[in-house]
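**Student:** Take a look at this one; I'll ask things after.
The values are calculated or read from the model by the stated rules, or taken from the named source; none is laboratory data. All values derive from a computational prediction rather than experimental measurement. Methodologically, a virtual Cβ is constructed for each residue, glycine included, from the backbone with ideal geometry; neighbour enumeration extends over all protein chains shown.
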Amino acid sequence: MWMDPPDTLILNEYEAHVWRADLALDKYSQTTFLQLLSPEELTRARKFRFEKDRRTFIIARGILRSLIGKYLKINPAAISFHYSRFGKPGILDNNCLRFNISHSENMVLCAFAKKFDIGVDVEFINPDIEVKDIAANFFSVNEIRNLIALPANQQTLGFFNCWTRKEAFIKAVGEGLSFPLDKFEVSLKPGEPAKLLSTDWEPNAVSKWSMYAMTPNENFVGSLAIESAVHEIKFWDYDIRPESVT
Ligand SMILES: CC(C)(COP(=O)(O)OP(=O)(O)OC[C@H]1O[C@@H](n2cnc3c(N)ncnc32)[C@H](O)[C@@H]1OP(=O)(O)O)[C@@H](O)C(=O)NCCC(=O)NCCS
């Protein structure tokens, strides 16, 4: 699924690209990426209490800037972001590239599309969480029913499928937690395709959105939501040499 990227990145209109960076591998260094960050990002980085979170933020932002620079053929350090009312970042003065980013533990995913709203989410599969209790607070009635109907040994994965699909969807919409999580339904059964199944607000929404499942590695679940019937998703490993990040 995850491939080495080509030297020149081309993103077609009905395509989405997802990039994976596993920061547990020692090939990502903060110093490479620090030089790309804006003064605001550096201030934000300094505010993290834990070094681990600071490192993830710096490298994730650096990778994001490096990739936007490659898609748009611009200097990554010169990119300015704007933020929606709910905190979703976009590229200032540019309408030809949409992106979203997610990080969990050591895993970072960045997703790109040309002109469709896109959201990505990755979560570490924590085997110790009480999936039914959390589902009762966040999932729709049908999702809770479908989760409980799974064999016990599939419920943790079913839970994270559902969680990341819902999160990817609200991140694509961009309204954050103001969006009603129990008013739309996604598939969750392990082995079945990722899908938006229904929404409370628009019967046609289901045909407008596509969802994709991905496995960044065996300990993580990833989901992508995009407002279109995309023809192809490409999965790239962010394995760009430090001297080539700009
Ligand atoms: C902020 C939120 C958008 C994602 O939070 P998260 O899952 O903790 O974090 P992720 O790593 O997946 O995503 C963070 C990135 O999303 C982006 N982001 C921030 N606000 C966003 C928004 N409103 N919409 C889309 N993307 C957003 C940012 O780039 C951020 O990265 P950065 O802080 O390094 O700049 C929001 O959905 C949230 O707080 N969720 C909490 C979890 C929850 O209750 N989920 C219920 C699922 S059933």
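**Student:** Could you tell me which residue of segment 112-145 is farthest from Phe160 (Cα to Cα), considering only residues that are more than 19 Å from the chain's Cα centre (by Cα) and surrounded by 21 or more Cβ atoms within 10 Å (Cβ to Cβ)?
**Tutor:** Across segment 112-145, the extreme among qualifying residues is Ser140.
**Student:** Does at least one position in segment 158-178 carry a residue that is of a type in the set (Asp, Glu), more than 12 Å from the ligand (Cβ to nearest atom) and farther than 30 Å from Gln35 by Cα?
**Tutor:** Filtering segment 158-178 for residues of a type in the set (Asp, Glu) gives 167, 175.
Add one more test, that the residue is more than 12 Å from the ligand (Cβ to nearest atom), and what stays is none.
Looking through segment 158-178, none of the residues is of a type in the set (Asp, Glu), more than 12 Å from the ligand (Cβ to nearest atom) and farther than 30 Å from Gln35 by Cα.
**Student:** Which of (1) among the aromatic types (Phe, Trp, Tyr); (2) at pLDDT below 95; (3) within 9 Å of the ligand (Cβ to nearest atom) does Phe116 not meet, given it meets every other one?
**Tutor:** Of the numbered conditions (1) among the aromatic types (Phe, Trp, Tyr); (2) at pLDDT below 95; (3) within 9 Å of the ligand (Cβ to nearest atom), the odd one out for Phe116 is (3).
**Student:** Pairs please, first residue from segment 103-132 and in contact (Cβ under 8 Å) with a residue 60 or more places away in the chain and in a loop (DSSP other than H, G, I, E, B), second anywhere and of a type in the set (Val, Ile, Thr) and within 10 Å of the ligand (Cβ to nearest atom), Cβ atoms under 8 Å, 6+ apart in sequence or on different chains.
**Tutor:** Asn106/Thr56; Asp117/Val173
**Student:** Same structure again: Looking only at segment 81-113, filter to residues that are hydrophobic (A, V, I, L, M, F, W, C) and within 10 Å of the ligand (Cβ to nearest atom); which one of those is farthest from Arg20 (Cα to Cα)? It would help to see each step written out before you state the result.
**Tutor:** Just the residues of segment 81-113 that are hydrophobic (A, V, I, L, M, F, W, C), to begin with: 81, 86, 91-92, 96-97, 99, 101, 107-113.
Subset that is within 10 Å of the ligand (Cβ to nearest atom): 81, 86, 99, 101, 107-110.
Values: Phe81: 21, Phe86: 25, Phe99: 14, Ile101: 10, Met107: 7, Val108: 6, Leu109: 5, Cys110: 7 Å.
Here the answer is Phe86.
**Student:** Looking at Gly87 and the list (1) surrounded by 17 or more Cβ atoms within 10 Å (Cβ to Cβ); (2) within 15 Å of the chain's Cα centre (by Cα); (3) among the small types (Gly, Ala, Ser), which single condition is not satisfied?
**Tutor:** Answer for Gly87: the failing condition is (1).
**Student:** Which condition does Phe160 not pass, out of (1) under 30 Å from Leu25 (Cβ atoms); (2) surrounded by fewer than 21 Cβ atoms within 10 Å (Cβ to Cβ), if it passes all the others?
**Tutor:** Status for Phe160: all satisfied but (2).
Per-residue answers, yes or no, for (1) in contact with a helix residue (DSSP H, G or I) (Cβ under 8 Å, 6 or more places away or on another chain); (2) over 20 Å from Thr56 (Cβ atoms); (3) not aromatic (Phe, Trp, Tyr):
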| residue | (1), (2), (3) |
| --- | --- |
| Lys115 | no, yes, yes |
| Glu130 | no, yes, yes |
| Asp133 | no, yes, yes |
| Phe139 | yes, yes, no |
| Gly158 | yes, yes, yes |
| Trp163 | yes, no, no |
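**Student:** I would also like to ask the following. Of the residues that make up segment 178-191, is at least one small (Gly, Ala, Ser) and part of a strand (DSSP E or B)?
**Tutor:** No, segment 178-191 contains no residue that is small (Gly, Ala, Ser) and part of a strand (DSSP E or B).
**Student:** Is it the case that some residue within segment 32-44 is touching an Asp or Glu at 6+ places or on another chain (Cβ under 7 Å) and surrounded by 13 or more Cβ atoms within 10 Å (Cβ to Cβ)?
**Tutor:** Of the residues in segment 32-44, the ones touching an Asp or Glu at 6+ places or on another chain (Cβ under 7 Å) are none.
Within segment 32-44 (the criterion being touching an Asp or Glu at 6+ places or on another chain (Cβ under 7 Å) and surrounded by 13 or more Cβ atoms within 10 Å (Cβ to Cβ)), the answer is no, since none of the residues qualifies.
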